[in-house]
Structures are given as C-alpha cells and as structure tokens.
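Working notes, beginning with the structure itself.
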Amino acid sequence: MPIPLVPALVLVLPLVLALLLPLLAAPVAAEQTLLRAADPSVLRVGSTYVAVQAAGGSIVVRQAATTAGLATAPAHTVWTDSGGLGEVWAPEIVRDGGRYYVYFAAGEGAAHRMYVISSTAPDSGYTSATRLALPDDKWAIDGTLFTYGGERWFVWSGWAGDTDVEQNLYIARMSSPTTATGARYVISQPRESWERVVGDPYINEGPEPVKDPDGRLHIVYSANGSWSDSYCLADLRLRAGGDPTHVWDWYKSNGCLFGSHRDTMMAGWDPTLHVDGPGHHTFVLLDGDIATSPPAGPRFPLMFHAVPKGTPYAWENRYWYTGTFCWWGDTTYRRANVPGPTSDTGWSLKFFE
C-alpha cells in the first residue's frame, strides 16, 4: 500500500531541513580570483576588464570579460626591467585622453621612486619607463593619477625625508599625465591608534580616489603593515568645497572600514568573515575615471588582495579577490586637536567580501 503523502512529508521533511539549514545559514564567501598575487589594479573599458600586475622584474597586463576571468587570462608582458631599476612594485593602470598609463614604483631600499610607461593599447606598444619628477624627490610608491575639479592630480605614499620613519599620503598637481607641477602636500599621516597597531614604520599606502554621490572626493587607502593581518582599508573624505592640497580639509574615518579585527573597525562596521588583512584595493571604474564613480544605492565591484582565513598571513599567501562596495550616507568623521571643525558628515563606504 502506498504511504499517504502527508505522513511521508512529515517523515522526510526533518531530514531535508537538517541537510539544507547549514547551507542556508552559511555566509557567502568572497570570490577568489585564484590569482596568487598582490596589489590589484583593474579598470573597465567597455565590457572588458583590464588588469595590471607586477611579475618579478616585469609588468604584465591581463584582459577578461569578468573580474574572475582575469586569473586565467593570458598575461602579456608590457615592460621588463632591462635597466636594473630594482624591485618593481604595485603598478597602477589609468586611462587619460585615450592613452593608457601604467605607474609603478621601482628601486632598492631608499631609492624607490615612481615611474610611468604609456601606450595607445592596453596590452602592447608601451614606451620605455620614465621616472616621474615628483616634488622633493623622496621615496615614493603606490602612485596613481586622477582628474578632479577640472585638474589632474597624482596621489602616492612616501616619506617626509630620506629615512623610513613613516609612510604618509601625498598629493600634487599634474600639468600632464607625466609631469608634476608645484609642491607636494601631505594629506594623511598614520597617527591614529587603529592605524598604528602594526608598524615600524607605521603606514598609509595604496591610495585610491573615488567620488561620492555628492561629488566630494575620497581617497581610500591601506593602513597598518602589509605584512600583518591588521592590514585594512580606511577613508579620507574631502570637506565640501575643500582644497585637496590642504591637509585640514580632509577628514579621516574613525577606524578601518574593511578589515579583519573588530577592535580596529569604525563603530558600525563589521570585520571580515572569510579573509584576513584585506587591503590595497582597486575601484573597478569605467575607464578608471572617478567621474564614473557609482551613485548611491546598489553595490558595485571592487578588487582587493587578502589572505584566506586559516592560512598563515604572509605576502606569498595573498590572492586577488572580487568584492563589492556601496555608499553609506550620513556618516560623521570626528577629529580632535587640529585646526578647523572637529566633525564632518557625509558619505562613507561599506565593503563586502
């Protein structure tokens, strides 16, 4: 005799739920690109994602239809250090006037400086490397170009002097994609307790510009030593009508906005679940132009490097990940013992694995 349907469901349903509930409750993991590398720099050109990566003493470019596809895309070598410049770090690809520019740091020890190559195509035909003549000619890494307020700007991480005391963020005007003009201006120093968890030197690096829904400029950067799982992302927000060269026109988030330690996070922001030490990110913008920064509302892609939880935190264990971010409104950043208003309210960012 067949078993009546309702009693059968009563018998089977608990077993089905027991199998499904753990899956339904499990958080969704970050999308790992399976590319074992650091310092992603990615922009979108039409429907193609273009990424640049340091590979030993060379720079390679990958192109794919998705960010995940970058891991298996062919790596085209666009430049090789045939002149013995030294360690090649953190290339950044931007597009300006229909031409591609790749900025990168090269050198040994205190000799690290910023260099640039350019081409009309993303993955071939690049010029030889030219050293950027940045103001004051000090140690410099992680530089990138952007346009804001009708002017070109260059932002980077560097030293105030000739010794490795701390890494600050600097900004300078550019008269062209390859020529700085005027002075350099410090816009951030690692002086907050939550960005001094790991140091010697203490670090602000990996600056990435983006424009919020009100048109205000943000520089999202990496804090704490990249050799530790305290590495994280934090935000600098320019006050409304502010001058990018005036340090007191910038307001800093009161903690990490994307990190793996709750005690360093800004109040209301949660630590990561699946990765440790997320940092050195890239906003995956159309043509890499901050004028195409996303509006308020939905989440948009970004890429960052991190180490999978459960894996020893070491440079060689870093992978590229695709995550998302969205704008988070009505957020107040507070400060003390500095000139100007002690608080500023506006858009911040939420990051998701």
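Structure data summary
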| quantity | calculated |
| --- | --- |
| Single residue of Ser47, Ser82, Ser41 found to be among the small types (Gly, Ala, Ser) and in contact (Cβ under 8 Å) with a residue 24 or more places away in the chain | Ser41 |
| Hits in the stretch 45-71 (condition: of a type in the set (S, T, N, Q) and touching a strand residue (DSSP E or B) at 6+ places or on another chain (Cβ under 8 Å)) | Thr48, Gln53, Ser58, Gln63, Thr66, Thr67 |
| Residue check for Val186: at pLDDT below 95, surrounded by fewer than 24 Cβ atoms within 10 Å (Cβ to Cβ) and either outside any strand (DSSP E or B) or on the phi < 0 side of the Ramachandran plot (or both) | no |
| Residue in the stretch 93-116 that is part of a helix (DSSP H, G or I) and either under 17 Å from Leu35 (Cβ atoms) or in contact with a Leu (Cβ under 7 Å, 6 or more places away or on another chain) (or both) present | no |
| Residues that are farther than 29 Å from Arg239 by Cα and assigned to a strand (DSSP E or B), drawn from the stretch 117-163 | Ile117, Ser118, Ser119, Thr130, Arg131 |
| Of all residues in the stretch 50-76 being touching a residue at least 60 places away in the same chain (Cβ under 8 Å) and β-branched (Val, Ile, Thr), the one that is farthest from Ile117 (Cα to Cα) | Thr67 |
| Residue among Glu151, Glu87 that alone is open to solvent by 30 Å² or more (accessible area, probe 1.4 Å), of a type outside the set (Phe, Trp, Tyr) and free of Cβ contacts under 8 Å to residues at least 24 places away in the same chain | Glu151 |
| Conditions (1) of a type outside the set (S, T, N, Q); (2) in contact with a Phe, Trp or Tyr (Cβ under 9 Å, 6 or more places away or on another chain); (3) crowded, with 24+ Cβ neighbours inside 10 Å; number of the one not met by Trp250 | (2) |
| Qualifying residue in the stretch 128-146 (condition: among the β-branched types (Val, Ile, Thr) and without any contact (Cβ under 8 Å) to a residue 24 or more places away in the chain) | no |
| The stretch 222-250: number of residues that are under 19 Å from Cys326 (Cβ atoms) and either in a loop (DSSP other than H, G, I, E, B) or not acidic (Asp, Glu) (or both) | 5 |
| Test: Leu43 is modelled with pLDDT of 95 or more, aliphatic (A, V, I, L, M), open to solvent by less than 60 Å² (accessible area, probe 1.4 Å) and under 20 Å from Ala111 (Cα atoms) | no |
| Residue within the stretch 202-210 that is in a strand (DSSP E or B) and over 28 Å from Pro301 (Cβ atoms) present | yes |
| Close pairs from the stretch 227-247: first open to solvent by 10 Å² or more (accessible area, probe 1.4 Å), partner outside any loop (DSSP other than H, G, I, E, B) and of a type in the set (D, E, K, R), Cβ under 6 Å, at least 6 apart | Asp229/Asp276; Arg239/Asp249; Arg239/Asp344; Gly242/Asp249; Asp243/Asp249 |
| Residue in the stretch 308-330 that is in a strand (DSSP E or B), on the phi > 0 side of the Ramachandran plot and exposed (fewer than 13 other Cβ atoms within 10 Å of the Cβ) present | yes |
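The values are calculated or read from the model by the stated rules, or taken from the named source; none is laboratory data. None of the values given here were measured: they were computed from a predicted structure. All Cβ positions, glycine included, derive from the backbone under ideal geometry; neighbour counts span all protein chains shown. To get the accessible areas, we keep the full protein, side chains included, count just its heavy atoms, and leave off ligands, DNA and RNA. Shrake-Rupley method; radii C 1.70, N 1.55, O 1.52, S 1.80 Å.
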